[in-house]
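Chemist: Pasting a structure here, questions to come.
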Amino acid sequence: MKARRLVGVFVAIVLLALAVIGCGAETTEVATPQTEVPQAATAEPTAVTAPTQGGELIVAMAYEPTKIDPHRTASETAMNITYQVCETLLARAADGTPVPYLADSWEVSADGLAFTFHLHQGIKFQDGTPFNGEAVKYNFDRIIDPATMSEEGITYLGPYLSTEVVDEYTVVLHYETPHAVLLNNLANAVLGMVSPTVATQWGVEEFQDHLVGTGPFLFKEWKRGEYIRMEKYPDYWGGPAFFEHQGPAYLDSIVYKFVPESTVRTGILQTGEAQVAAELATTDVPMLKEDANIQLDILQNPGTGIILMFNMSKAPTDDLKVRQALNYAIDQASISDILYQGIMAPSYGPLVSTTPCYWSGAEQMYPYDPEKAKALLAEAGWTDTDGDGIVDKDGVKMVLEFPTHGKFAVYRDPAPIVQAQLKEVGIEVNVQNLAGAGWMEAARTGTHNIAIVDWRANEPDGNLRNTFQSENATAFAWTWHKNTALDALLLKGMVTMDATERCSIYEEVQQVIMNDAMIKPINSYANIWGVRNEVKGLHFVPGGPAYFWAFDIHLEK
Amino acid sequence: MWQQLVRRLILSVVVLWLVVTIAFVAMRFVPGDPVAVMLQKSGASAVRIAEVRHELGLDQPTAVQYVKYLGGVVRGDLGKSIFTGRPVTEVVLEQFPATLELTVASMIIGVSLGIALGLASALREGSLVDNALMVFAVFGVSMPSFWFGLLLIYVFSLILGWLPATGQGGLSRLIMPAVVLGLGIAATIARITRSSMVEVMRKEYITTARAKGLRERVVIVRHALKNALIPILTMIGLEVGWLLGGAVVTETVFSRQGLGRLTINAVTQMDFPLVQGAVLFMAVFYMASNLIVDMLYVVVDPRIQT
């Protein structure tokens, strides 16, 4: 396996070199570390002529989802697909504030327990079922129904109790405890609206092959292992105000192709076999920048970024000085440079800078300083007494267990660099490349010292509660640490409706986490999209850089 | 012949039972929990994970699960995928046409090219042509399909723009993956053909055939090749079996459907019923292809029947 991977790397390098020569570039561009400013949407200069109707858009995606039912899935690819078919009650503007979509307006009760929505009137699902209060109730009840086995929607819906249908076009969502981020979350694809008639008719498991929503595109075919195809819905209700146009979509059809090899995605984007490609490799970025036919959109994902979580219930990472030493000894900037030429930007706290309520104070807390790391280790009683280069204490060498995900490059690739950097200060790291299930199991059962993970939500609650609430240790809170004050803060953040107050709570959360050196932040996760120039009107979903809306897309030759 | 066939069939059932059992047991020894993997993004609590495990019957003792599963298999029910809830048989069958298409196409390239090269090489044993062909064979065997596939895409899709790089449907999307797999097979078969032919050509009956004044072409095809065919057939049977599941890298590079990719994905997700079902299917087809090869032995060499 190792040999094969080396061969793969070699081939990639050779092909890259060939391609660069083939492009006739006089000089090879040396990629300098840089951070792209995330763009919420690609602003197009106003077209002089009317947009072209028709055509087929081919999108090369990296992964194939196992499920595309929005209420059941947790797959980013699936969500990209369902954004075209199933619409949401609200959307987000570029600044993160909620804007009307299927709901025209809304009110939140002072106690944060009741959310009233006034629905846009006259909308029908693609099968003719009216979109009304009953339909909304059906959808939210379906998400919390255990039989649905919701993987992600149920979390975003939060402590939901019931939906009250006041009249045909007015609903009230009742909550057990205030759900501060509901309005934000209602813009997520996993809370999209599906046709009650069709969903009931097919049942939980088969509905995804007959997906019906209110959206501008009809789900047509899922050829598993190859593609998902959708077609324009001619009787579309017209669309919300934030789109560029009203009426049916411009495109005749969209094909989402599943192309697992990133070099192949890059290749078919360059030849035009695909017009849009997702999850391009950072190594291909310099070459694609030279290609005049392609626009690159490098969007830094909000969320925790890639973080190393230290197991605080297992020696020696239960010692604060050791964890602080680890923070000083690992240089995330060089990891970002070596692996991603800085494209996946280094991160410094439990939230990356594109996340709301980001606390920039973490940036200066632990600068790279191996000498300080050694001093801290010595203070904690760890010194190299036998001269073998590894520190020891009471006759025991410091060996840290670091199980990682051998198939997921952004989790796998930092591990050897971390291992090398820690070796410099006398810490031995036992890196284990496991399959996805094994990686989870090691951290869920607490056998690790270092676990690697990231969470990508566009608000602090989802990111921080999943990874730091102590009761979630078997899910993702892999520091295995019970800090009642931190737990209380996280719960308080969840129910605090005032935005400013909520952010100050999350700033405190970020401080607690970094003061306690619970984690070592590594880098943000960037979605690298390639879009051919003929594609106009592609809008990325604000706060969701893995998704775009195809409604306004038109192909101009 | 019939008696042998019946014996083979009974033996097949035993082998299939072993295959299913090994797949079942092996998956349960792999560390990890499919439900935890499935619910990883939902921030599911331990309670929720336990609930879903219960709904899927994964909380029952392994022995009970095994007996239930085996009972289902006997009735032709391979269960449902943990991740999608779709019937395993349906999931596997929808991938099968793509695998079959690629297998047949690669075998046509591999067998025809392999035998031709092997013959050419054997008949000019020790010549420059022979050496050149065997160098090709070594190259063909050792060439990683990942590298070769990307190279073909680079040349024929990116530079020349002649062939589409992804998907399936039509000859234009089949030819590159079939060549990648076919050349590897051709190399193996060429080597077997060469050594088998070189051996046969030294037999006395070849000398006799020539002494009878038969034309060289008749000697080679009717007398020599027919006798040299047994090891070649064996190799073909093995290669078909390998293609059913081993084409995963090629399937991935060319973004094709296929049993190999399905199985690898199922293994990494720990989708137990899907892994077991896919392995069972591959075992059935592997055994079927070997059974056909065995029956062809009889056609090629009537002595084997007795």
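The values are calculated or read from the model by the stated rules, or taken from the named source; none is laboratory data. Quantities reported herein were computed from a predicted structural model and do not represent experimental measurements. Cβ sites come from the backbone with ideal geometry, for glycine too, and all protein chains shown count toward neighbours. For accessibility, only protein heavy atoms count, side chains too; no ligands or nucleic acids. Shrake-Rupley method; radii C 1.70, N 1.55, O 1.52, S 1.80 Å.
Here's the yes/no breakdown for (1) assigned to a helix (DSSP H, G or I); (2) aromatic (Phe, Trp, Tyr); (3) modelled with pLDDT of 95 or more:
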{"site": "A:Glu273", "(1), (2), (3)": "no, no, no"}
{"site": "A:Met287", "(1), (2), (3)": "yes, no, no"}
{"site": "A:Pro302", "(1), (2), (3)": "no, no, no"}
{"site": "A:Ile307", "(1), (2), (3)": "no, no, yes"}
{"site": "A:Thr317", "(1), (2), (3)": "no, no, yes"}
{"site": "A:Arg323", "(1), (2), (3)": "yes, no, yes"}
{"site": "A:Ile338", "(1), (2), (3)": "yes, no, no"}
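Chemist: Of the conditions (1) surrounded by fewer than 23 Cβ atoms within 10 Å (Cβ to Cβ); (2) small (Gly, Ala, Ser); (3) modelled with pLDDT of 95 or more; (4) in contact with a strand residue (DSSP E or B) (Cβ under 8 Å, 6 or more places away or on another chain), A:Ala546 satisfies every one except a single condition; which number is it?
Modeler: Every listed condition holds for A:Ala546 apart from (3).
Chemist: A:Gly303 is checked against (1) within 14 Å of another protein chain (Cβ to nearest Cβ); (2) over 24 Å from A:Pro521 (Cβ atoms); (3) touching a residue at least 24 places away in the same chain (Cβ under 8 Å) and fails just one. What number does that condition carry?
Modeler: Just one mismatch for A:Gly303, condition (2).
Chemist: Enumerate the helices (runs of 4 or more DSSP H) found wholly within segment B:150-269, keeping only those where 2 or more residues are surrounded by fewer than 18 Cβ atoms within 10 Å (Cβ to Cβ) and of a type in the set (A, V, I, L, M).
Modeler: Per the criteria, B:171-201, B:204-211, B:226-246.
Chemist: Can B:Val141 be described as surrounded by 15 or more Cβ atoms within 10 Å (Cβ to Cβ), away from chain A (no Cβ under 14 Å), under 29 Å from the mean Cα position of the chain (by Cα) and more than 28 Å from B:Pro302 (Cβ to Cβ)?
Modeler: Yes: the conditions hold for B:Val141.
Chemist: Now a separate question. (1) more than 14 Å from chain B (Cβ to nearest Cβ); (2) within 26 Å of A:Gly544 (Cβ to Cβ); (3) not aromatic (Phe, Trp, Tyr): which one isn't true of A:Ala189, the others all being true?
Modeler: Failed condition: (1).
Chemist: Only one of (1) of a type in the set (Lys, Arg); (2) without any contact (Cβ under 8 Å) to a residue 40 or more places away in the chain; (3) not in a helix (DSSP H, G or I) fails for A:Arg465. Which number is that?
Modeler: For A:Arg465, the failing item is (3).
Chemist: Another question, then. Scan A:Glu221, A:Glu231, A:Glu244 and give me the residue that is in a strand (DSSP E or B) and more than 25 Å from B:Arg261 (Cα to Cα).
Modeler: A:Glu231
Table: residues versus (1) within 14 Å of chain A (Cβ to nearest Cβ); (2) out of contact with any strand residue (DSSP E or B) (no Cβ under 8 Å at 6 or more places or on another chain); (3) over 30 Å from B:Lys68 (Cα atoms).
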residue: B:Val248; (1), (2), (3): yes, yes, yes
residue: B:Ser255; (1), (2), (3): yes, no, yes
residue: B:Leu259; (1), (2), (3): yes, yes, no
residue: B:Gln269; (1), (2), (3): yes, yes, no
residue: B:Pro273; (1), (2), (3): yes, no, no
residue: B:Gly277; (1), (2), (3): no, yes, no
residue: B:Asp294; (1), (2), (3): no, yes, yes
residue: B:Val299; (1), (2), (3): no, yes, yes
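Chemist: While we're looking at this one, here's another question. Mind telling me which of the residues B:Val104, B:Val88 ends up being open to solvent by 70 Å² or more (accessible area, probe 1.4 Å), at pLDDT 90 or above, aliphatic (A, V, I, L, M) and closer than 22 Å to B:Trp242 by Cα?
Modeler: Exactly one residue qualifies, and that residue is B:Val104.
Chemist: For the structure I just gave you, tell me whether B:Ala98 is buried (at least 20 other Cβ atoms within 10 Å of the Cβ) and within 14 Å of chain A (Cβ to nearest Cβ).
Modeler: Considered against the rule, which asks whether it is buried (at least 20 other Cβ atoms within 10 Å of the Cβ) and within 14 Å of chain A (Cβ to nearest Cβ), B:Ala98 comes out as yes.
Chemist: Right, next: Would you confirm whether or not segment B:17-29 contains a residue that is surrounded by 14 or more Cβ atoms within 10 Å (Cβ to Cβ) and either closer than 30 Å to B:Gly169 by Cα or within 11 Å of chain A (Cβ to nearest Cβ) (or both)?
Modeler: There is at least one residue in segment B:17-29 that is surrounded by 14 or more Cβ atoms within 10 Å (Cβ to Cβ) and either closer than 30 Å to B:Gly169 by Cα or within 11 Å of chain A (Cβ to nearest Cβ) (or both).
Chemist: Restricting to segment A:416-458, count the residues that are within 14 Å of chain B (Cβ to nearest Cβ), open to solvent by less than 10 Å² (accessible area, probe 1.4 Å) and in a loop (DSSP other than H, G, I, E, B).
Modeler: 2
Chemist: Further question on the same structure: Please work out which one of (1) under 16 Å from A:Met149 (Cα atoms); (2) free of Cβ contacts under 8 Å to residues at least 12 places away in the same chain; (3) open to solvent by 30 Å² or more (accessible area, probe 1.4 Å) is the condition B:Gly57 fails and give its number.
Modeler: Checking B:Gly57 against (1) under 16 Å from A:Met149 (Cα atoms); (2) free of Cβ contacts under 8 Å to residues at least 12 places away in the same chain; (3) open to solvent by 30 Å² or more (accessible area, probe 1.4 Å), the one that fails is (3).
Chemist: Exactly one condition in (1) within 14 Å of chain B (Cβ to nearest Cβ); (2) surrounded by 15 or more Cβ atoms within 10 Å (Cβ to Cβ); (3) modelled with pLDDT of 95 or more is not met by A:Tyr63; state its number.
Modeler: In the conditions (1) within 14 Å of chain B (Cβ to nearest Cβ); (2) surrounded by 15 or more Cβ atoms within 10 Å (Cβ to Cβ); (3) modelled with pLDDT of 95 or more, A:Tyr63 misses (3) alone.
Chemist: What pairs can you find where one residue is in segment A:528-540 and without any contact (Cβ under 8 Å) to a residue 12 or more places away in the chain and surrounded by 19 or more Cβ atoms within 10 Å (Cβ to Cβ), the other is in a strand (DSSP E or B) and hydroxyl-bearing (Ser, Thr, Tyr), and their Cβ atoms are less than 6 Å apart, with a gap of 6+ or different chains?
Modeler: Note: no pairs meet the criteria.
A quick yes/no check of all residues on (1) farther than 26 Å from B:Leu233 by Cα; (2) open to solvent by 70 Å² or more (accessible area, probe 1.4 Å); (3) within 14 Å of chain A (Cβ to nearest Cβ); (4) part of a helix (DSSP H, G or I):
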residue	(1), (2), (3), (4)
B:Ile49	yes, no, yes, yes
B:Val92	yes, no, yes, yes
B:Leu117	no, no, no, yes
B:Val135	no, yes, no, yes
B:Phe146	yes, no, yes, yes
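Chemist: Could you check segment A:405-464 and list, in sequence order, the residues that are within 20 Å of A:Lys314 (Cβ to Cβ) and touching a Pro at 6+ places or on another chain (Cβ under 6 Å)?
Modeler: A:Val425, A:Gln432, A:Leu434, A:Gly438, A:Trp439, A:Glu441, A:Ala442, A:His448
Chemist: Does segment B:64-85 hold any residues that are in a helix (DSSP H, G or I) and open to solvent by less than 30 Å² (accessible area, probe 1.4 Å), and which are they?
Modeler: Hits for segment B:64-85 are B:Gln65, B:Tyr69, B:Gly71, B:Gly72.
Chemist: Sticking with this one: Only one residue in A:Ser162, A:Ser150 is on the phi < 0 side of the Ramachandran plot, surrounded by fewer than 16 Cβ atoms within 10 Å (Cβ to Cβ), in contact with a helix residue (DSSP H, G or I) (Cβ under 9 Å, 6 or more places away or on another chain) and among the small types (Gly, Ala, Ser), so which one is that?
Modeler: Selected residue: A:Ser162, the only one of A:Ser162, A:Ser150 that is on the phi < 0 side of the Ramachandran plot, surrounded by fewer than 16 Cβ atoms within 10 Å (Cβ to Cβ), in contact with a helix residue (DSSP H, G or I) (Cβ under 9 Å, 6 or more places away or on another chain) and among the small types (Gly, Ala, Ser).
Chemist: Something else: So B:Gln4 clears everything in (1) free of Cβ contacts under 8 Å to residues at least 24 places away in the same chain; (2) facing chain A (nearest Cβ under 9 Å); (3) among the polar types (S, T, N, Q) except one condition, right? Which one?
Modeler: Looking at each condition in turn, B:Gln4 falls short on (2).
Chemist: To continue, here is another question. Residues of segment A:266-277 being open to solvent by less than 10 Å² (accessible area, probe 1.4 Å), within 13 Å of another protein chain (Cβ to nearest Cβ) and in contact (Cβ under 8 Å) with a residue 40 or more places away in the chain, which ones?
Modeler: A:Thr266, A:Ile268, A:Leu269, A:Ala274, A:Ala277
Chemist: Right, something else. Name the strands (runs of 3 or more DSSP E) wholly inside segment A:93-149 in which the number of residues that are of a type in the set (Ser, Thr, Tyr), within 14 Å of A:Pro240 (Cβ to Cβ) and out of contact with any Pro (no Cβ under 9 Å at 6 or more places or on another chain) is 1 or more.
Modeler: By residue number, A:103-108.
Chemist: Could I ask something else about it? Could you check how many residues of segment A:361-370 are over 12 Å from A:Ile330 (Cα atoms) and either at pLDDT 95 or above or open to solvent by less than 80 Å² (accessible area, probe 1.4 Å) (or both)?
Modeler: Going through segment A:361-370 one residue at a time, the tally reaches 4.
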